[in-house]
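Taking it in order: structure first as structure tokens, then the write-up.
Computed from the coordinates by the stated procedures, all read-outs in this text should not be read as laboratory data. None of these values were measured; they are calculated from a predicted model. Here the Cβ positions follow ideal geometry from the backbone for every residue, glycine too, while neighbour counts run over all protein chains shown.
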Amino acid sequence: MIFLNAFLIGGTICLLGQILLDNTKLTPGHITSIFTILGAFLAFLGIYPKLIEWSGAGATMMISNFGNLLYQGAYEGFHEMGILGLTSGLLTKCSSAIVSATVFAFLFALIFKPKD
Amino acid sequence: MDKDKYQKLVKENTPKENKTNKAFKAFIGGGLLAFTGQIIISILEQSFGMTINDCYIWLCIITIFISSFLTALGFFDNYVTKWGCGLLIPTTGFAHSITSSALDAKKDGLVTGLGATFFKLAGSVLLYGIISGFFFAILGVIIYG
């Protein structure tokens, strides 16, 4: 059942993005930024963790999960370390995404040549 | 030929981009990607005995690796033109934007080219993600305690 939910939620998020992209003058950069902010907002409302529980990869694979992880990291950091935790905890949860994207992009950029 | 007639002719011959078709493709693309991701998660969870949070991190790394690799080989742009937001909204789009700007800037040198423009496209995601995460977390601490 979670497979179907993943398909539906993943599809719906991408569908919303495509509708925004086609009917407004926003670029893909705008769309991904909007979805990141939306993810943080939904995490603030407590909706995003439920969405992940319900649809698994459908919600975790999207860029909106980035906003969710940043919010969760800062919020839990505050409860562990107080005010200092807001800043030191912010990046903890999505660190692996940023680091792996940076490492792979750097290595592939060194190895491969751009195609035009 | 007068101007109105010409405009009419241009309008008739411009290919119409079918928005419904594009939206449908984005839905199917994003859905299939999430479906595949869910299969990978259940394999990781059952065969390797990982906790669900570790599975999500591994899935994230795997998708980033694959999309970075396909971007470097030059295939990914074709997929994006076909599936649209189905590939841009998932984590694949994030990895794609970093890798493509890194590849394009390589010719300008390692520091002034690659280093300076590395986060050119993904920078806005990082910036607005951190800003919104930080302030929503402050708001959350104030409201929920």
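See the values below:
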| quantity | calculated |
| --- | --- |
| Whole-angstrom gap from region A:66-116 to region B:51-115, using each part's C-alpha centre | 15 |
| Shape category assigned to region B:22-144 from the gyration tensor of Cα positions, a/c cut at 1.5 | oblate |
| In nm, spacing of pseudo-spin labels at B:ILE39 and B:LYS5 (7 Å Cα→C-beta vector) | 5.8 |
| Across A:LYS115/B:LYS11; A:LYS50/B:LYS22; A:LYS25/B:LYS11; A:LYS93/B:LYS120, pairs whose alpha-carbon gap is larger than 25 Å | A:LYS115/B:LYS11; A:LYS50/B:LYS22 |
| Choice from B:THR14, B:THR63, B:THR117 showing the highest fluctuation, given a GNM over chain B with Cα pairs closer than 10 Å | B:THR14 |
| The protein assembly as shown: calculated mean residue ellipticity at 222 nm from DSSP helix runs of at least 4, using -39500 (n - 2.57) | -25500 deg cm²/dmol |
| Cβ-based exposure ranking for A:ILE52, B:ILE39, in which fewest neighbours within 10 Å come first | B:ILE39, A:ILE52 |
| Neighbour-limited loop hits for chymotrypsin sites (Phe, Trp or Tyr not before Pro), region B:6-58 (at most 12 other Cβ within 10 Å; DSSP other than H, G, I, E, B) | B:PHE48 |
| Per-pair calculated FRET efficiency, R0 = 30 Å: A:ILE19 and A:SER96 via Cβ, rounded to 0.05 | 0.45 |
| Least to most buried among A:MET62, A:MET81, A:MET1 (fewest other Cβ within 10 Å first) | A:MET1, A:MET81, A:MET62 |
| Partners for B:LYS19 among aspartates and glutamates (Cα-Cα distance below 17 Å; same-chain residues under 8 apart left out) | A:ASP22 |
| Exposure proxy ranking, count of Cβ atoms within 10 Å, fewest first, for A:HIS79, A:HIS30 | A:HIS79, A:HIS30 |
